[in-house]
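*Asks:* The structure under discussion is supplied below as C-alpha coordinates; questions concerning it will follow.
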Amino acid sequence: MSQWQQFARLVGEENRLLAELNVAALRLTDALVRNNPAAIEAAERRLEAQRVLHGTAFAQRVAMQRAGFGNLTMEQVCAYAPASLRRWLHGTVHQLGTRGTELRLTVSNNKSLILAGLERLARTVAVLQRAGTEQTGTYRRRGIVPPPEGSVIVSRRA
(Lines give C-alpha, C1' and ligand atoms only; values in the text may rest on other atoms or scores of the structure.)
Protein backbone atom coordinates (compact mmCIF):
# COMPACT_ATOMS: atom_id res chain seq x y z
CA MET A 1 0.00 0.00 0.00
CA SER A 2 1.48 3.33 -1.03
CA GLN A 3 1.78 6.26 1.34
CA TRP A 4 -0.98 8.08 -0.52
CA GLN A 5 -3.34 5.15 -0.20
CA GLN A 6 -2.58 4.91 3.50
CA PHE A 7 -3.17 8.65 3.90
CA ALA A 8 -6.45 8.37 1.97
CA ARG A 9 -7.49 5.47 4.22
CA LEU A 10 -6.80 7.60 7.34
CA VAL A 11 -8.78 10.53 5.91
CA GLY A 12 -11.67 8.19 5.06
CA GLU A 13 -11.62 6.66 8.53
CA GLU A 14 -11.60 10.10 10.14
CA ASN A 15 -14.57 11.11 7.97
CA ARG A 16 -16.51 7.95 8.90
CA LEU A 17 -15.84 8.40 12.62
CA LEU A 18 -16.84 12.07 12.45
CA ALA A 19 -20.16 11.02 10.89
CA GLU A 20 -20.70 8.55 13.75
CA LEU A 21 -19.79 11.28 16.26
CA ASN A 22 -22.43 13.52 14.70
CA VAL A 23 -25.04 10.76 15.05
CA ALA A 24 -24.11 10.28 18.72
CA ALA A 25 -24.38 14.05 19.35
CA LEU A 26 -27.83 14.10 17.73
CA ARG A 27 -28.92 11.18 19.94
CA LEU A 28 -27.86 13.23 22.97
CA THR A 29 -29.92 16.14 21.65
CA ASP A 30 -32.94 13.85 21.33
CA ALA A 31 -32.45 12.50 24.87
CA LEU A 32 -32.11 16.05 26.26
CA VAL A 33 -35.30 17.17 24.51
CA ARG A 34 -37.19 14.12 25.81
CA ASN A 35 -35.77 14.79 29.31
CA ASN A 36 -35.12 11.10 29.92
CA PRO A 37 -32.24 10.71 32.46
CA ALA A 38 -31.39 7.11 31.51
CA ALA A 39 -31.33 7.98 27.80
CA ILE A 40 -29.24 11.09 28.50
CA GLU A 41 -26.66 9.06 30.41
CA ALA A 42 -26.48 6.34 27.73
CA ALA A 43 -26.22 8.94 24.94
CA GLU A 44 -23.50 10.81 26.82
CA ARG A 45 -21.45 7.62 27.27
CA ARG A 46 -21.84 6.76 23.57
CA LEU A 47 -20.89 10.32 22.58
CA GLU A 48 -17.75 10.22 24.73
CA ALA A 49 -16.70 6.86 23.24
CA GLN A 50 -17.20 8.23 19.71
CA ARG A 51 -15.27 11.38 20.61
CA VAL A 52 -12.29 9.31 21.73
CA LEU A 53 -12.38 7.19 18.57
CA HIS A 54 -12.57 10.25 16.33
CA GLY A 55 -9.80 11.98 18.29
CA THR A 56 -7.51 9.00 17.75
CA ALA A 57 -8.22 8.88 14.01
CA PHE A 58 -7.71 12.65 13.75
CA ALA A 59 -4.36 12.44 15.58
CA GLN A 60 -3.15 9.63 13.30
CA ARG A 61 -4.11 11.55 10.16
CA VAL A 62 -2.51 14.77 11.41
CA ALA A 63 0.69 12.94 12.42
CA MET A 64 1.02 11.42 8.95
CA GLN A 65 0.15 14.73 7.29
CA ARG A 66 2.74 16.65 9.37
CA ALA A 67 5.41 14.02 8.73
CA GLY A 68 4.93 14.20 4.97
CA PHE A 69 3.87 17.81 4.37
CA GLY A 70 4.80 19.89 7.39
CA ASN A 71 2.31 22.69 7.98
CA LEU A 72 0.37 22.44 4.71
CA THR A 73 -3.42 22.49 4.98
CA MET A 74 -5.57 19.57 3.89
CA GLU A 75 -6.55 21.42 0.71
CA GLN A 76 -2.89 21.99 -0.14
CA VAL A 77 -2.09 18.32 0.53
CA CYS A 78 -4.97 17.28 -1.75
CA ALA A 79 -3.46 19.36 -4.54
CA TYR A 80 -0.31 17.18 -4.35
CA ALA A 81 -2.26 13.91 -4.40
CA PRO A 82 -2.03 11.60 -7.41
CA ALA A 83 -4.73 12.18 -10.01
CA SER A 84 -6.49 8.92 -9.11
CA LEU A 85 -7.00 10.08 -5.49
CA ARG A 86 -7.26 13.85 -5.88
CA ARG A 87 -11.02 14.10 -6.55
CA TRP A 88 -11.89 11.64 -3.80
CA LEU A 89 -9.64 13.43 -1.28
CA HIS A 90 -11.13 16.83 -2.16
CA GLY A 91 -14.65 15.44 -1.70
CA THR A 92 -13.77 13.79 1.60
CA VAL A 93 -12.07 16.93 2.93
CA HIS A 94 -15.20 18.90 1.98
CA GLN A 95 -17.32 16.36 3.88
CA LEU A 96 -15.03 16.69 6.89
CA GLY A 97 -15.58 20.46 6.89
CA THR A 98 -19.34 20.10 6.53
CA ARG A 99 -19.57 17.48 9.25
CA GLY A 100 -17.38 19.60 11.52
CA THR A 101 -19.79 22.50 11.11
CA GLU A 102 -22.74 20.19 11.77
CA LEU A 103 -21.06 18.93 14.94
CA ARG A 104 -20.36 22.48 16.18
CA LEU A 105 -24.04 23.40 15.71
CA THR A 106 -25.25 20.26 17.46
CA VAL A 107 -22.87 20.78 20.39
CA SER A 108 -24.03 24.40 20.67
CA ASN A 109 -27.66 23.24 20.74
CA ASN A 110 -26.87 20.60 23.36
CA LYS A 111 -25.15 23.20 25.55
CA SER A 112 -28.20 25.45 25.25
CA LEU A 113 -30.53 22.61 26.21
CA ILE A 114 -28.39 21.73 29.23
CA LEU A 115 -28.18 25.36 30.37
CA ALA A 116 -31.95 25.78 29.97
CA GLY A 117 -32.48 22.66 32.10
CA LEU A 118 -30.13 23.97 34.78
CA GLU A 119 -31.87 27.36 34.80
CA ARG A 120 -35.26 25.65 35.13
CA LEU A 121 -33.92 23.54 38.00
CA ALA A 122 -32.60 26.65 39.75
CA ARG A 123 -35.95 28.43 39.34
CA THR A 124 -37.82 25.37 40.66
CA VAL A 125 -35.56 25.16 43.71
CA ALA A 126 -36.03 28.91 44.34
CA VAL A 127 -39.83 28.52 44.23
CA LEU A 128 -39.69 25.55 46.59
CA GLN A 129 -37.44 27.45 48.99
CA ARG A 130 -39.77 30.46 48.97
CA ALA A 131 -42.79 28.23 49.53
CA GLY A 132 -41.06 26.44 52.41
CA THR A 133 -39.92 29.57 54.24
CA GLU A 134 -42.90 31.88 53.77
CA GLN A 135 -45.44 32.25 56.47
CA THR A 136 -48.71 30.75 55.55
CA GLY A 137 -51.67 33.04 54.90
CA THR A 138 -54.19 34.38 57.36
CA TYR A 139 -55.99 32.15 59.79
CA ARG A 140 -59.52 31.28 58.86
CA ARG A 141 -62.08 29.30 60.63
CA ARG A 142 -61.26 26.11 58.72
CA GLY A 143 -57.49 26.46 58.78
CA ILE A 144 -54.70 28.40 57.19
CA VAL A 145 -55.06 29.80 53.67
CA PRO A 146 -51.71 30.03 51.91
CA PRO A 147 -50.97 33.12 49.85
CA PRO A 148 -51.64 32.66 46.14
CA GLU A 149 -47.99 33.16 45.11
CA GLY A 150 -46.76 30.54 47.61
CA SER A 151 -47.80 27.51 45.58
CA VAL A 152 -45.29 24.68 45.16
CA ILE A 153 -46.83 23.73 41.84
CA VAL A 154 -44.45 25.11 39.28
CA SER A 155 -45.43 25.89 35.72
CA ARG A 156 -43.04 25.47 32.79
CA ARG A 157 -42.36 29.20 32.96
CA ALA A 158 -41.32 29.16 36.63
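The values are calculated or read from the model by the stated rules, or taken from the named source; none is laboratory data. Predicted, not measured: the structure shown is a model, and the values here were computed from it. So basically every Cβ, Gly included, is an ideal-geometry build from the backbone, and we count neighbours across all protein chains shown. Remember, those area values only see protein heavy atoms, side chains included, never the ligands or the DNA or RNA. Shrake-Rupley method; radii C 1.70, N 1.55, O 1.52, S 1.80 Å.
*Asks:* Averaged per residue, what accessible area in Å² does the range 1-109 show with a 1.4 Å probe, protein chains only?
*Replies:* On a per-residue basis, 61 Å².
*Asks:* Select from the range 28-122 those GluC sites (Glu not before Pro) which occupy a DSSP coil region and have at most 13 other Cβ atoms within 10 Å, ordered by residue number.
*Replies:* Of the GluC sites (Glu not before Pro), not one in the loops of the range 28-122 has a Cβ with at most 13 other Cβ atoms within 10 Å.
*Asks:* Using a 1.4 Å probe on the protein heavy atoms, what percent of the accessible area of the range 1-118 belongs to carbon and sulfur?
*Replies:* 58
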